[in-house]
Each structure stands twice: as structure tokens, then as C-alpha cells.
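Structure, as C-alpha cells:
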Amino acid sequence: MDWIPLLGFPLEWASLALLVAGCLYWERSGSSGLGVEGCVLSAMLGLCLGYEWSGSYLVAAAGAAASALAFAIGTGALLAATRADPAVGSFCISLVPACALGTLARWAPLRLLTETPAPGLARGTVFDGTYAEDLVANPMLLAALPALGFAAFLLLRTPFGLKSRAFSETPALARRGRGQVALARLSLAALGALWVVPAAAILLRSHRESPPLGLGFVALACAVAGRWGFAPAILLAAGPALLRAARPYAPAAGPGAIGMDAAPFLLAAAYLIFFSRRALRASVTPESRLNPDVL
């Protein structure tokens, strides 16, 4: 049995873990974690366009961050101004970058996805051109663990994180200082968007033939099943990541291929069934717009 495809497991797990962090920040901002799917697609769009126009990976990475931030702040402000349902609104707005990315990919071959050697990796190492270079020469993958640690520390151990969580979890606080509450929520959404930028870069590098869609939904299922905790949600993300890494072992076409493509989403659904104590149903109480745990 060829074990090389399993080397993709750290890439898949790191990207899903970063998306989980984004979901947690988006939920604590009073929005829906469904918006993380739009964030990662916006980051992919910015990365592809930035490299297409500049030829510089650093410029492309900056474009990815700007695109993700613009999506997060724009979505948060629009949902707050229209008082739309966060889940429905986030999902619908996420369709915009999804359609844009699909149209761009069909319009012309993208340099970022076709150029050789692939941009974004550190060159000049002994691993150049080998199957191991994605693991040891990928700056985005190496930055994933520190980024996840900082995201958890910022939300759970700093005054900013504690105050922001209080605004999202306690409806009474939202009735005082609305401007401060709005700023805290938009800040959380923006930070959540930044965590998904490395994930977008990892996914575009590891899936150059066809950028994946829908992983934000898998990450949100892991966050819900993990009861909104960083450690349990990231550990649950290992299951879908392993299934995605095992995809090359399935036939290229036929029922086996379809089953392997659907397996991560079916496992995410099983997480919700067996580990989530509450159904994914929006409450009719006022707390539902402020408390992410009312799901």
C-alpha cells in the first residue's frame, strides 16, 4: 500500500483546525460560523487574483487577507444593519465568492494553480521537488500551530477576548454601549477571517487541480460537536481530515469515489447527531441573536 497520500493528513488537519478557529470567532461575534465558508473562498479569490496580477506570493497573501477581512466586515455590517438571520444571511452571502471563484477558475488557467515550481513554498532546501516539501517547506503549515495557539489565548485569556465573549453571550450587555458592542463583534469577525487565510493557502497548494468547497461547513460541525471549545473541536477535525487524505485510495470514478468525497460531510453530520446536545435550530427568543450556544 502506498503511504505517500497519507502525508496529506497534516495539511488537511491544519486547514480544518484553522477553519474551526474562524468558526469559533464568528460565532462569538454574534454571527454564524457559516460565514467562514465565504471567508475562505474570499481568501482563495484574493490569493489567486493577487498572484495573477503581481506574480508575487507575498502580495497575493496580502490580497487574500484583505479579501477575507472585507468579506467579514462587510457581512457583519450588512447583517447588523438589516437585522437578517445570521445563519441564512452568512450562507447566502458566502455564495458570492463561491460563484466568483468558480467563474474565475473556468475563465482561464490560474498561474497560482499551474505554475511550476509551485509558489508559496520555501525554495533551496533538500526537499525541493519531493513529496515531503509540502510538510517541511510550507510556511503556512508551519505557522498553523502558533496561529491556533494565539487564537485560543486571545479569545480565552485576554481582556479583549473575555469582554467580546461577554457581549455575545450576555444579552443584557448589548443594551448598553451599542457602538462598543458592534466594534467588538466586527473585530471578532475580522480576526476569525484572518485565521482562515493560512487555511486557504494550504488548501490551494494541496489541491491545485480543484480547490475544495464546503470545508467551512465541516469545521462548523466540529465546533458545534466540540461544544465550542478549541481543543475538542480541533481534535474532532482530525476525522474528516483523515478521510480527505485517504481520498486517493478510492477509485477515480464510480460509487467508491462518490462515497469518499461525501465521507467527510457524513462524518460531520454524525458528529452533530451524536455529540451535539442541541439541534441546529434557530431559537425564537431574543437570546438567539446574541448567544451562539442557542443552536
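Some observations on this one:
- Close contacts from the range 193-219, counting a first residue that is part of a loop (DSSP other than H, G, I, E, B) and a second that is among the aromatic types (Phe, Trp, Tyr) and surrounded by fewer than 22 Cβ atoms within 10 Å (Cβ to Cβ), with Cβ to Cβ under 8 Å and a gap of 6+ residues or different chains, come to GLY214/PHE265.
- Residues that are aliphatic (A, V, I, L, M) and farther than 30 Å from PRO119 by Cα within the range 46-92 comprise ALA77, LEU78, LEU79, ALA80, ALA81, ALA84, ALA87, VAL88, listed in sequence order.
- For the range 105-127, filtering for residues that are assigned to a helix (DSSP H, G or I), of a type outside the set (Phe, Trp, Tyr) and surrounded by fewer than 16 Cβ atoms within 10 Å (Cβ to Cβ) leaves 3.
- Test set (1) at pLDDT below 90; (2) surrounded by fewer than 18 Cβ atoms within 10 Å (Cβ to Cβ) - ALA262 fails condition number: (1)
- Screening the candidates ALA238, ALA252, ALA221, ALA231 for the property of being modelled with pLDDT of 90 or more, more than 23 Å from PHE150 (Cβ to Cβ) and of a type outside the set (Ser, Thr, Tyr) yields one hit, ALA221.
- Condition met for ALA43 (assigned to a helix (DSSP H, G or I) and without any contact (Cβ under 8 Å) to a residue 60 or more places away in the chain): no
- Meets criteria (more than 19 Å from LEU188 (Cβ to Cβ), touching a residue at least 24 places away in the same chain (Cβ under 8 Å) and in a helix (DSSP H, G or I)) for PHE9: yes
- Taken over the range 46-75, the criterion of being in contact (Cβ under 8 Å) with a residue 60 or more places away in the chain and either not aliphatic (A, V, I, L, M) or not in a helix (DSSP H, G or I) (or both) is satisfied by CYS48, TYR51, GLU52, TYR57, PHE71, THR75.
- Pick from the range 29-40, criterion out of contact with any Pro (no Cβ under 6 Å at 6 or more places or on another chain) and in a helix (DSSP H, G or I), ranking: surrounded by the most Cβ atoms within 10 Å (Cβ to Cβ): VAL36
- Considering residues of the range 204-223 that are more than 10 Å from the chain's Cα centre (by Cα) and surrounded by 24 or more Cβ atoms within 10 Å (Cβ to Cβ) only, the residue farthest from ALA269 (Cα to Cα): LEU204
- Within the range 89-103, residues that are among the β-branched types (Val, Ile, Thr) reach partners that are surrounded by 17 or more Cβ atoms within 10 Å (Cβ to Cβ) and modelled with pLDDT of 90 or more with beta carbons closer than 8 Å, at six or more positions or on different chains, in the pairs ILE93/GLY35; ILE93/GLY38; ILE93/PHE71; ILE93/THR75; VAL96/GLY38.
- Breaking point among (1) within 17 Å of the chain's Cα centre (by Cα); (2) on the phi > 0 side of the Ramachandran plot, for ARG227: (1)
- Residues in the range 233-273 that are touching a residue at least 40 places away in the same chain (Cβ under 8 Å) and assigned to a loop (DSSP other than H, G, I, E, B) were compared, and the one that is farthest from the chain's Cα centre (by Cα) is ALA246.
- Entry remark, the range 79-103: residues being surrounded by fewer than 16 Cβ atoms within 10 Å (Cβ to Cβ), modelled with pLDDT under 90, of a type outside the set (Gly, Ala, Ser) and not in a loop (DSSP other than H, G, I, E, B) number 2 in total.
The values are calculated or read from the model by the stated rules, or taken from the named source; none is laboratory data. Because the structure is a prediction, the values reported are computed rather than measured. Cβ coordinates were reconstructed from backbone atoms using ideal geometry, including for glycine residues, and neighbour counts include every protein chain displayed.
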